[in-house]
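The values are calculated or read from the model by the stated rules, or taken from the named source; none is laboratory data. Note that this is a predicted model, so its numbers are computed, not measured. Glycine also receives a Cβ, built like all others from the backbone with ideal geometry; neighbour counts cover every protein chain displayed.
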Amino acid sequence: MNSPENAPKPVKPEDIEALVEVFQASDWDEMHLQVGDFEIFLSNDPKAMPPGATPAAAAIAAPAAAPANPAPAAAAAGAPTPAAPAAAPEDVPAHWQAVTAPNLGTFYRAPKPGAEPYCEVGQQVTEDTELCLIEVMKLFTALRGGINGTVRRICVKDGEMVEYGQPLFYIEPA
Amino acid sequence: MPIRRLFVANRGEIALRILRSARAMGIETVLGVSAADREGAGPDAADRVVVLGPAPSAQSYLDARLIVHAARATGCDALHPGYGFLSEKPELARLCEEEGIAFVGPRPETIEALGDKMSARAMAIAAGVPTVPGTDHIADIASARKAAADLGYPVVMKASAGGGGRGMFKAATEAELDASFERASREAQAAFGDNRLYMERFVEAARHVEVQIVGDGEGGVLHFGERDCSVQRRYQKLIEEAPASAMPDALRARLHEAAIRICAHARYRNAGTVEFLYDVARQDIYFIEVNSRIQVEHPVSEEITGIDLIACQLKVAGGEALGLTQADIRPSGHAIEVRINAEDPFADFRPSPGRITGWEPPRGPGVRLDSHARAGYLVPPFYDSMIGKLIVHGHDRAQAIDRLLQAIAAFRLEGPRTTLPLAARILDHPDFRANTITTRWLEDRVLPGFAATAPAADA
């Protein structure tokens, strides 16, 4: 990234987001980066600790994306991800977790027109519960939330276009 | 029907360039970006921005279905692919066609036919356009030896599905051929999933010249003069200029005529570039390929003709008449472009992404900057390293060189390392000023020893 003689610049949220994306796209086990006062440690192992760091050091576990997910490949995307850009609305309690769109597409709440929706507000869901469909050019992919808990909010209307990273649901973890 | 709302399926300077022409024509714009490109001069210039997917291009800029879905869902009636990414993938053009979205480029079948070098070569031959003496597909090393003996060494092996120099090897002797044949075949298979190779005579002193054209899709083709892009490293262009002033007028006329002939034959639609190899010793030209997109170096043609080529593209895609005849296109003066890549030319062109901390581009008569960069912009590590293009126009080549050197000297750019110091070295070199360079000049004569001239570390 920056060559060493460049003075370190304030690290912005987008930078961290970009780093997390690089890490997610890689087959690395962990990544440790230090620029001036800024330090980030990413690992696929939830118990991992930064090398030589005190337990208080910032450790951001990588999202439980591809590696740990036994779901079929077509439906593996869309785990709650720290890459989600939009700040949660103010009335969303901090412990609720957003399920975001894995890519741009059209959001459908039910498997087909007229059918029962995959989920409703108040419903208990598990990591493997299908929450909605995301359609791209007639290719429908069921999205799993990856969280055990209760659906607290459905943020998008049936048939709306959603963008990558847009919150679709908020789930209160069990 | 003129375009009402345009989807721009690209990033960086070309996205911004397209957005500006579209806006000037009163066309609404939607820009599709990856999560890494949410903010910047491109998004600021678009009427609407949609985030396609995460930063890796495979999940954003290279996903044709995602892009066409986004274009349709945002109500766009046309799509500009820019250059690179999916611009020359027939799949994107075909999906647009199926969805009733005007693709700002050639028909999918044209892109397909020109994308395969063998079929492009066959098209050139059918149109009576000269090609480098060469062969059809070569199946094995024995046929390669025989073909090389017939053509005369040195020869160059190329991947049929290749491009950008990959899968391409030169052999000066039969021993080299034996060694390079297997390697070229393997590399072609690995890079393109297609191990077919063909062979051409290698031209020792070659310049790269190309003709900018715009076709109406019905066989009508206009040319916008030629460019010389002989300053190359590993088949990547670094500096481009227009016109190709080293070429005699009679040969230049043949060049334009050949470019028009092949594009008329292909009933080419929209903007394209016909690339030729200029054999300086024989004073002859050979067709290389047609690039079925707008190219990085289109601004030098715009500068000498005074015509907005992106606007031409949008008009053709919208079915509008260009309102131009060949006689209206009168090149004047000389234009040169340097690509500004975030790479360290003193350290083997190592990528140098990162935040731009200082950005004060030069201004002045005849100086143009096509760039999405600005102070505070983070050059993301996911995409190609080009952060802009500095272009000058002068009344002749000597003035253009001097203006460009002054512009580079006045450019304050801090943060990433860039190729600008190398560009200055090239422009001020006696061989470049004398215009005696070839496509191997940079690598043979300038780059060796260049790293040793690095300024002391500014730590």
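In region A:122-135, the residues that are within 14 Å of chain B (Cβ to nearest Cβ) reach residues that are among the polar types (S, T, N, Q) with C-beta atoms within less than 9 angstrom, at least six apart or across chains, in these pairs: A:133/A:106; A:133/A:141; A:134/A:103; A:134/A:106; A:134/A:141; A:135/A:106; A:135/A:141. Within region B:168-196, being surrounded by 18 or more Cβ atoms within 10 Å (Cβ to Cβ) and at pLDDT 90 or above holds for B:171, B:177. Of the strands (runs of 3 or more DSSP E) lying entirely inside region B:147-232, those containing at least 1 residues that are under 30 Å from residue B:249 (Cα atoms) are B:155-159, B:197-201, B:206-216. Residue B:24 fulfils the conditions (1) more than 14 Å from chain A (Cβ to nearest Cβ); (2) at pLDDT below 95 except for a single criterion, (2). When region A:18-47 is filtered for residues that are part of a strand (DSSP E or B), of a type in the set (Val, Ile, Thr) and at pLDDT 70 or above, only A:40 remains. Suppose the filter is under 25 Å from residue B:345 (Cβ atoms) and of a type in the set (S, T, N, Q); does residue B:236 pass it? For residue B:236, the condition - under 25 Å from residue B:345 (Cβ atoms) and of a type in the set (S, T, N, Q) - is met. Taken over region A:158-174, the criterion of being more than 13 Å from chain B (Cβ to nearest Cβ) and either more than 17 Å from residue A:122 (Cα to Cα) or touching a residue at least 60 places away in the same chain (Cβ under 8 Å) (or both) is satisfied by A:158, A:168, A:169, A:170, A:171, A:172, A:173. Among the residues of region B:104-130, those that are of a type in the set (Val, Ile, Thr) and buried (at least 19 other Cβ atoms within 10 Å of the Cβ) comprise B:104, B:110, B:111, B:129.
In this structure, residue B:288 does satisfy being at pLDDT below 95, in a strand (DSSP E or B) and not charged (D, E, K, R).
Residue count for region B:50-78 under the criterion of being touching a Ser or Thr at 6+ places or on another chain (Cβ under 8 Å), part of a helix (DSSP H, G or I) and more than 7 Å from chain A (Cβ to nearest Cβ): the result is 1.
When residue B:393 is tested against (1) over 30 Å from residue B:248 (Cα atoms); (2) under 21 Å from the mean Cα position of the chain (by Cα); (3) not aliphatic (A, V, I, L, M), just one condition goes unmet, and that condition is (1). Here residue B:106 passes the criteria (1) within 12 Å of residue B:290 (Cα to Cα); (2) more than 19 Å from the chain's Cα centre (by Cα); (3) not aliphatic (A, V, I, L, M) except the one numbered (2). Does residue B:188 qualify as being more than 26 Å from residue B:446 (Cα to Cα) and more than 24 Å from the chain's Cα centre (by Cα)? The answer is no for residue B:188. Scanning region B:102-146 for residues that are among the small types (Gly, Ala, Ser), more than 14 Å from residue B:90 (Cα to Cα) and either in a helix (DSSP H, G or I) or free of Cβ contacts under 8 Å to residues at least 40 places away in the same chain (or both) gives B:119, B:120, B:122, B:124, B:126, B:139, B:142, B:143, B:144.
Candidates are the residues of region B:299-357 that are within 14 Å of chain A (Cβ to nearest Cβ) and among the aliphatic types (A, V, I, L, M); the one that is nearest to residue B:402 (Cα to Cα) is B:342. The set of residues from region A:135-174 being hydrophobic (A, V, I, L, M, F, W, C), surrounded by fewer than 22 Cβ atoms within 10 Å (Cβ to Cβ) and in a loop (DSSP other than H, G, I, E, B) comprises A:137, A:155, A:156, A:174. When residues in region B:436-447 are screened for being surrounded by fewer than 17 Cβ atoms within 10 Å (Cβ to Cβ) and under 19 Å from residue B:397 (Cα atoms), 1 of them pass. The residue of region B:358-379 that is nearest to residue B:404 (Cα to Cα), among those that are within 14 Å of another protein chain (Cβ to nearest Cβ) and over 21 Å from the mean Cα position of the chain (by Cα), is B:359.
So, residue B:40, is that one small (Gly, Ala, Ser), more than 10 Å from chain A (Cβ to nearest Cβ) and surrounded by fewer than 20 Cβ atoms within 10 Å (Cβ to Cβ) or not? Considered against the rule, which asks whether it is small (Gly, Ala, Ser), more than 10 Å from chain A (Cβ to nearest Cβ) and surrounded by fewer than 20 Cβ atoms within 10 Å (Cβ to Cβ), residue B:40 comes out as no.
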